[in-house]
1. Using the alpha-carbon atoms, what tilt in degrees (0 to 90, nearest 10) does helix 107-123 show relative to the longest principal axis of the chain?
2. Over the chain, how many pairs of lysines fall under 20 Å by alpha carbon, counting only those 8 or more apart in sequence or from different chains?
3. So if R0 is 60 Å, what FRET efficiency would V381 and H325 give, r being the distance between their Cβ atoms, rounded to the nearest 0.05?
4. Using Cα atoms only, what is the angle between the long axis of helix 88-97 and the major principal axis of the chain, expressed in degrees (0 to 90) to the nearest 10?
5. Highest mean first, what order results for 217-229, 385-397, 123-135 on Cβ atoms within 10 Å?
6. Looking only at the chain, where both bridge partners belong to it, what percent of the DSSP beta bridges are antiparallel (to the nearest 5)?
7. Does anyone have the angle between helix 178-187 and the longest principal axis of the chain? Alpha-carbon axes, 0 to 90°, nearest 10?
8. As a check on your grasp of the helix formula, calculate [θ] at 222 nm for the chain: sum -39500 (n - 2.57) over DSSP H runs of n ≥ 4, divide by the residue count, round to the nearest 500.
Amino acid sequence: MRDGCVQVGILGLGVVGGGLYQILQGNAEQIQRVAGVGIEVAAACDIDWEHPRDFSVPEALKTTDASGVINDPDIDIIVESIGGISPALDYVTAAIKAGKSVVTPNKEMISKHGEHLLALAAAHGVDIQFEGSVGGVIPILRSLKETLASARIDEIIGIVNGTTNYILTRMSEEGADFAPVLAAAQAEGYAEAEPTDDIEGIDAANKLAILAALAFGQRISVEGIHHEGIAQVTPADIDYASRMGYVIKLLAIGKREGEELELRVHPALLPADHPLAAVRGVFNAIFLRGPECGEVMLYGRGAGALPTGTAVAGDVIDCARNIAHGSRGRAPCTCEGEARLRPMGEVQTSAYVRMQVADQPGVLGQIATVLGSENVSIQSVIQESSRDDVAEIVWVMHRGPERNLQAALRAIQDLAVIKQIPSMIRVVQ
Ligand code: HSE
């Protein structure tokens, strides 16, 4: 504290750190009123002060010396908005050991090292808060920790990656292919130059690990979360899905199944009347279900300087209140165990499968025989008119163990009449 104000050091003045800086400076009066204590930025640390920014930082606050900020005895709260594991994890560890509360929107670090960091923070009697790590401005983690703290949550379905939701929305509205839409999204700044984590579902898996830990009260190993991306989704699939009453979304799904958890990220056909189906563009939403709370959905901007900066500022205010009232470290990890993550083969799924086959007698029968022998039950089948003696058949299978479907698809792939199986997309009801 200095002059009765809580002092904040920001490590990383990129998109989110910059948004936080602007909010703490621009809304200082309101923040002081709601926090009950003044909050000042004492230091802003970045390795690149030449990088153009649309706000200015006084020279007196600028530094490139992260250790100097972490070890400054006047600074009470360290905000880590660098991202990634290194050096963020070292900085956060050092800050906690130096007795500082920490705020971070770093989903990768929290999903992989959250358990250790929460234990370290508890041991040092400080707070660590990470609301901005999932869903940008959406107050989902605080809702789970506070408003829904008494509720049993049985299911989470999230659209937690704005990049992929933006791409799928444009593909669906323009009938465009994945690659050109990704290139356009990169040119417009909606997708990263290196989009692998977003496109392949890794970013969503990190967020699901954090959501599931809080919703189900279990320690989660993110490495155990099955994830698939959206690069294989085509306009043809989106069109078939639409005609059957579905939209295609990249979903992060978490379910309690008895003593086990089912956690997965993959594209899915979602009924067009599901509340998540209306989530377009870069927006995120998280849908929860539980016996006491019923259905709950939270919606908002999942990325961006000011939206995510707002969530980070909320955490800073919470930490500042605890510092002002001497109540730091009152919200330790509440996970009670480490439930088994059900392997994908054991998960019950329903699927949409698109096949290109020779247009000749008996083909449908051959495929149906293989499905039957692997215990996969057909819900519906559509055959479109053929072109060049190749027919396209679209199947929707009833719910059943995923391993049966995978075994059937491997056997069907080997049939001489099969030209190609371009798509298998799970259906969520
Ligand atoms: N890359 C993320 C997304 C934003 O596309 O949603 C930050 O989590």
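1. For 107-123 against the chain, the angle is about 40 degrees.
2. Going through the chain pair by pair, I get 10.
3. Working: r = 64 Å, r/R0 = 1.06.
Plugging the Cβ-Cβ distance into 1/(1 + (r/R0)^6) gives 0.40.
4. Computed tilt is about 40 degrees.
5. On the way: 217-229: 18.5, 385-397: 15.5, 123-135: 24.3.
So the peptides 217-229, 385-397, 123-135, ranked by packing, come out 123-135, 217-229, 385-397.
6. Details: 52 of 76 bridges.
Expressed as a percentage, antiparallel bridges in the chain total about 70.
7. It works out to around 20 degrees.
8. -10500 deg cm²/dmol
The values are calculated or read from the model by the stated rules, or taken from the named source; none is laboratory data. Please read these numbers as outputs of a predicted model, since none were measured by experiment. With ideal geometry, Cβ positions are generated from the backbone for all residues, glycine too; neighbour counts draw on all protein chains shown. Please note that ligands, DNA and RNA were not included when accessible areas were found on the heavy atoms of the full protein model with its side chains. Shrake-Rupley method; radii C 1.70, N 1.55, O 1.52, S 1.80 Å.
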